[in-house]
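What follows is one structure encoded as structure tokens, with my remarks underneath.
Just so it is clear, none of the values below were taken in a lab; they were calculated from the coordinates. Because the structure is a prediction, the values reported are computed rather than measured. Every residue, glycine as well, gets a Cβ built from its backbone with ideal geometry; the counts of neighbours run over all protein chains shown.
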Amino acid sequence: MGQKLLMKGNEVIAEAAIRAGCRHYFGYPITPQTEIAHYMAKKLPKIGGVFLQAESEVAAINMVYGAASTGKRVMTSSSSPGISLKMEGVSYIAGAQLPAVLVNIMRGGPGLGGIQPSQSDYFQATKGGGHGDYRMIVLAPSSVQELYELTIDAFNLADKYRIMSMILGDGVLGQMMEVVEFRDEEKVETYDKSWAACGHDNKREHNVVTSIHIDPAVLEQWNINLQNKYQTISGNEQRYELYNCENAEIILVAYGSVARICKGAIKEAKEQGINLGLMRPITLWPFPTEGFEKIIDIPCAFLTVEMSSGQMVEDVKLTVNGRKPVYFTGRMGGMIPTVKNIMDKVMEIREKHR
Amino acid sequence: MAVVFKAPKALCDVPMHYCPGCTHGIAHRLVAEAIDELEIEGRTVGVSPVGCAYNNYLYFNCDMVQAAHGRAPAVATGIKRSLPDNIVFTYQGDGDLAAIGTAEIVHAATRGENITVIFINNTIYGMTSGQMAPTTLLGQVTTTTPYGRDAKLNGYPVRVCEMLSKLEGPAYIERVSLHDVKHVRKAKAAVKKAFQVQIAKKGFSLVEILSTCPTNWGLNPVEALKRIEKEMIPHYPLGVFVDTELEV
């Protein structure tokens, strides 16, 4: 590996994007992710790139749509209320099969909510948010190092599948400083972009980037093709981390910064002679069902921990499908679950299954 | 025999879906002729709107990108910032540009975004069957103003050229009409000039084209052309609103 730096999560996302070959960033300020824009505004003009502050999130995502149509690597970032505004463009990008990267550093909602960390946009990220039958690849880093790794991957996956990749982080990850180690040379993968609308130079038929197909039979086939693509991604790209699961009495399920609090709870439990494990989804879509199959027989129960009212827990229940009890604990509104919150719930579950 | 009139190369040889008497076909032709004469088809990327012209990506022979309702100037910005040496144009109706897309057009204009906007003003929403547009004239009957547009209820028709000409970003803004041959020729010159302004990297250019919608106006094609002259031009005066070349 190469250079080690102490950096803020949001800045690492921006630096990683540049290392991935992203030279176009369109955004609109919103806490707690604006350092991404600051970093891009400073760096991109010096390396021949474009930073543009749009008039709104709606305009920013449509600028992304335009830049992605030309085949360039492009990114925008925002936080929860701003992501809601971008959902129109997200749906069009899905419909037109354009590769692009969207970052959501989540804060508490609904509405204007607050500016403290949250995971309450899980449904919006993984189940739709915009209209129509579409999916995004949703990557959930849980450290600053992983913000770097997954941002690089987000660009490669977007190009590989002509899909939008989302980095779904929270205010904790965006704002915290940690050591990150950058590679000396980045693995930037290149993919065919002969579909791009970049001027045909009188050498080929004209390319059209569109999400509209008025003939229902054509639109149905277009949707079937999209679903086939999503199935391929689901088969190829599931990612997860299994931690201390071998003899776990209860397996915690958590992503992002909450997974790190769960590791704290696992340590605390060990001191009390209780063996807990952790299943940490890294891809939230595709949801890592394969990982659950490896551990389904081990625990007496699963406990999902989130900074929400319980969103990912629905996917855990669908995956476990009644084979084991699935419990939930969480905090909302920008409050962060503590090791004690988790341990209290663990004790309650142990009591039930004694 | 010498050929004096032929189909522009920048238009695909396919039937158009527009209603009889609709002037979209003429406006398309003017854009295509400008692209041909300036020999820019190979490096042009057009942006299709939402509205009757939503699928003009089937008609223009250059690369095309279809945009969400009103967002064409933002999409065009993304394209132009990625391909600064290419030619980028949007083609938008009055609902698209002056209602849902007001923020996008104003900010593209004030940034002096080096794109060309072809703005079709026919004072009505055509695609969705004749509702009030921001440009609908006072008293005009539409499916959502069945008793005529009332300023107290619906406000006043928007004059886009006048509004945008107050900004410092635009390099060229002109309003033209397609109601007779003389004006079509003037419109052609304006469209071509708008592209020339972009080629010279002078900044934002917009041509507003007063157009017909015989179907939703409930008029025959000839009456519709007369309505432009008699009712629209008095409210939407023709002329050049911005031309930075003429400034001292």
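Averaged over the residues of A:64-76, the number of partner chain Cβ atoms lying within 10 Å of the residue Cβ comes to 6.
In this structure, the pairs whose alpha-carbon distance is over 24 Å, taken from A:K72/A:K187; A:K4/A:K294; A:K43/A:K187; A:K4/A:K42; B:K182/B:K226; B:K193/B:K226, are A:K4/A:K294; B:K193/B:K226. If R0 equals 45 Å, the separation of the Cβ atoms of B:H17 and B:M163 corresponds to a calculated FRET efficiency of about 0.90.
Label segment B:1-92 by shape, choosing from rounded, prolate and oblate, from the square roots a ≥ b ≥ c of the eigenvalues of the Cα gyration tensor; if a/c is under 1.5 it is rounded, and otherwise prolate applies when a/b is larger than b/c, oblate when it is not. Because a/c hits 1.5 or more and a/b fails to exceed b/c, segment B:1-92 counts as oblate.
Placing pseudo-labels 7 Å out from each Cα toward the beta carbon at A:K267 and A:R354 gives an inter-label distance of 2.9 nm. Using a cutoff of 8 angstrom between alpha carbon atoms and counting only pairs six or more residues apart, the relative contact order for chain B works out to 19 percent.
Anyone know which of A:L44, A:L168, A:L98 comes out most mobile in the 10 Å Cα GNM of chain A? Among A:L44, A:L168, A:L98, the largest GNM mean-square fluctuation belongs to A:L44. Most tightly packed first, judged by the mean number of other beta-carbon atoms within 10 Å of their residues, the peptides A:265-275, B:143-153 read A:265-275, B:143-153.
How would you classify segment A:240-352 from its alpha-carbon gyration tensor, with a ≥ b ≥ c the square roots of the eigenvalues: rounded for a/c under 1.5, else prolate if a/b is greater than b/c, otherwise oblate? Verdict is rounded for segment A:240-352.
Note on B:F5, B:F60, A:F328: ascending count of other Cβ atoms within 10 Å places them as B:F5, A:F328, B:F60, the fewest first. Charged neighbours of B:K186, selected by a Cβ distance under 13 Å, balance to +3 (K, R count +1; D, E count -1). Just so you know, the Rg over Rh for segment B:24-247 is 0.94, from Cα atoms, with Rh as the Kirkwood radius. Taking every C-alpha pair closer than 8 Å and separated by at least 6 residues, the mean separation divided by the residue count of chain A gives a relative contact order of 18 percent.
Taking 56 Å as R0, compute the FRET efficiency from the Cβ-Cβ separation of A:E220 and A:K42 and round it to 0.05. For R0 = 56 Å, the calculated efficiency reads 0.75. Under the shape rule built on the C-alpha gyration tensor, where the axes satisfy a ≥ b ≥ c, the protein assembly as shown is prolate, since a/c reaches at least 1.5 and a/b is greater than b/c. Under 5 Å from the amide H of B:V50 lie the amide H atoms of B:G70, each residue being 5 or more positions distant or on a separate chain, with H modelled from the backbone and absent for Pro and chain starts. In terms of overall dimensions, segment A:101-205 has a Cα radius of gyration and Dmax of 17.0, 53 angstrom. Summarising the label geometry, the points placed 7 Å from Cα in the beta-carbon direction at A:W195 and A:N236 lie 1.3 nm from one another.
Here the peptides A:55-61, B:76-82 are ranked by packing, the mean other Cβ count within 10 Å, and the order with the highest first is B:76-82, A:55-61. With K and R counted +1 and D and E -1, the other residues having a Cβ less than 15 Å from that of B:V50 yield a net charge of -3.
Rounded to the nearest 20, the Cβ-based charge dipole of the protein assembly as shown about its Cα centre (Lys and Arg +1, Asp and Glu -1) stands at 360 debye. Computed log10 I(q)/I(0) for chain A at 0.10, 0.13, 0.15 Å⁻¹: -0.61, -1.00, -1.27, from the Debye equation with unit scatterers placed on every C-alpha and solvent omitted. Annotation for B:L138 and A:Q3: the two label points, set 7 Å from Cα along the Cα-Cβ direction, are 6.4 nm apart.
The listed peptides B:85-94, A:21-30, A:45-54, ordered by packing as a protection proxy, come out as B:85-94, A:21-30, A:45-54 (highest mean of other Cβ atoms within 10 Å first). Long hydrophobic helices in chain A, taken as whole DSSP H segments with a C-alpha length of 27 Å or more on their own axis and mean Kyte-Doolittle hydropathy at least -1.0: A:216-236. Close amide H pairs (under 5 Å, H built 1.01 Å from N) link B:I87 with B:T44, B:V45, residues at least 5 positions away or on another chain.
So if each residue of separation counts as 0.36 nm, and I subtract the Cα-Cα distance between B:L153 and B:D243, what length gain in nm does that give?
So the extension gain works out to 28.8 nm.
Legend: calculated FRET efficiency, A:E205 to A:Q227, from the Cβ-Cβ distance at R0 = 41 Å, rounded to 0.05, equals 0.90. Among A:L85, A:L102, A:L252, the largest mean-square fluctuation in a Gaussian network model of chain A (Cα springs under 10 Å) belongs to A:L85.
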